[in-house]
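Report on the structure given below.
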Amino acid sequence: MQRQGHIIILLGPPGAGKGTQADRLSSSLGIPSISTGEMLRQECRSNSAIGLQVKSLLDAGQLVKDELIQEVVALRLMQPDCAQGCIVDGFPRTAAQARFLDKFLAGSAFCPPIVFDLAIEPEILIHRLSSRRQCPTCARTFQVVNGASNRCPHDEAELVVRSDDQPAAIRRRLEVYAENTSEIVRFYQNRGYHKLDASQPVELISQKVLRALGAAAGSPGDFARPLAATHQLYA
Ligand code: AP5
């Protein structure tokens, strides 16, 4: 079978910067990024059957059912724009999802996944999530600190607080992450697993990922060469 692109998996707790890095990598590498959280939020915004089913879970910071999200991700990965690879932000989140993805990839033309684990202290996350605002139109996120505008610089829409960025939901999301993470890390540890310090500046983290991928100036084909199994990229 002719091998296609890699799936780049971004792991990390809520607020670690998965979405931020996924967008940057997508632009640098010219491949799509898939955010399972954003796909679900989109379903909620459009009041679809899936949206109505999952809204209360998202608002409470709980995970949606493995079977549902697995189907959503598999359908998305089969779209033609993912053929050269893609960045997956927010999946897998349970060991069952990781096993599902492995099986799916084994039966596909994708190369084995490359995993970046964005590790960071909870105190920093709580600060980031409490000051995060999202544009309801373009879904971009921003840090709103003292004196910053509450309007999206791209489409002027008023920025909103994500429904799961309320203190109780943030706490629950961090707990859910802690309950599942060690199993997922064990699952990937000896194959394409890279741990990064997510408290570093956004740009530096992106550079480290791109360096690890061996990507030269936005060409996705350049990172298809084999990478060492495990890297610790703490500076
Ligand atoms: P999801 O949307 O994936 O939420 P999450 O994992 O909680 O992650 P966040 O989006 O909150 O944070 P992030 O890591 O993307 O950080 P960001 O880049 O925004 O999922 C939401 C919900 O959907 C889940 O709770 C669940 O209910 C459901 N769901 C999704 N996937 C599922 C699955 N597979 N299975 C079951 N349920 C699922 O950055 C945060 C802030 O920090 C931003 O304001 C940003 O500007 C800032 N920032 C980022 N990086 C830096 C940096 N290096 N330095 C300073 N600031 C930074």
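Here Asp155 passes the criteria (1) part of a helix (DSSP H, G or I); (2) modelled with pLDDT under 95; (3) charged (D, E, K, R) except the one numbered (1).
With respect to being within 24 Å of Glu175 (Cβ to Cβ), open to solvent by less than 20 Å² (accessible area, probe 1.4 Å) and either within 13 Å of the ligand (Cβ to nearest atom) or of a type in the set (Val, Ile, Thr) (or both), Leu63 falls outside the description. Taking residues in the stretch 55-83 that are free of Cβ contacts under 8 Å to residues at least 40 places away in the same chain, and partners anywhere that are more than 12 Å from the ligand (Cβ to nearest atom) and in a helix (DSSP H, G or I), the pairs with Cβ atoms closer than 7 Å and at least 6 places apart or on different chains are Ala74/Phe104. Considering the conditions (1) more than 7 Å from the ligand (Cβ to nearest atom); (2) more than 12 Å from the chain's Cα centre (by Cα), Leu57 is excluded by exactly one of them, (1). If you scan the stretch 155-182, which residues turn out to be more than 14 Å from the ligand (Cβ to nearest atom) and either of a type in the set (Lys, Arg) or open to solvent by 30 Å² or more (accessible area, probe 1.4 Å) (or both)? Matches in the stretch 155-182: Asp155, Glu156, Glu158, Ser182.
Output the residue which, of all residues in the stretch 2-52 that are at positive phi and in contact (Cβ under 8 Å) with a residue 24 or more places away in the chain, is most open to solvent (accessible area, probe 1.4 Å). Only one residue tops the list, namely Gly30. When Gln200 is tested against (1) within 15 Å of the ligand (Cβ to nearest atom); (2) open to solvent by less than 40 Å² (accessible area, probe 1.4 Å); (3) assigned to a helix (DSSP H, G or I), just one condition goes unmet, and that condition is (3). It is to be established whether one or more residues within the stretch 207-224 are small (Gly, Ala, Ser) and at pLDDT 90 or above. Checked against the condition, which is being small (Gly, Ala, Ser) and at pLDDT 90 or above, the stretch 207-224 yields at least one hit.
Would you please name the residue that is nearest to the ligand (Cβ to nearest atom), looking only at residues in the stretch 83-109 that are more than 22 Å from Gly12 (Cβ to Cβ) and surrounded by fewer than 16 Cβ atoms within 10 Å (Cβ to Cβ)? Restricting to residues being more than 22 Å from Gly12 (Cβ to Cβ) and surrounded by fewer than 16 Cβ atoms within 10 Å (Cβ to Cβ), the top hit is Lys103.
Listed by first and then second residue, the pairs with beta-carbon distance under 8 Å, at least 6 apart or on different chains, first residue in the stretch 178-190 and more than 16 Å from Leu63 (Cβ to Cβ), second assigned to a helix (DSSP H, G or I), are Phe187/Ala95; Phe187/Ala98; Phe187/Arg99; Tyr188/Ala98. Only a single item in (1) surrounded by 15 or more Cβ atoms within 10 Å (Cβ to Cβ); (2) farther than 21 Å from Gly12 by Cβ is not met by Pro80, and it is number (1). If you go through the stretch 111-154 and pick out every residue that is touching a His at 6+ places or on another chain (Cβ under 7 Å), more than 13 Å from the ligand (Cβ to nearest atom) and under 22 Å from Gln189 (Cα atoms), you end up with 4.
The values are calculated or read from the model by the stated rules, or taken from the named source; none is laboratory data. Bear in mind that the values here come from a model prediction, so they are computed numbers and not experimental data. Glycine also receives a Cβ, built like all others from the backbone with ideal geometry; neighbour counts cover every protein chain displayed. In case anyone asks, the SASA skips ligands and DNA or RNA and just uses the protein heavy atoms, side chains included. Shrake-Rupley method; radii C 1.70, N 1.55, O 1.52, S 1.80 Å.
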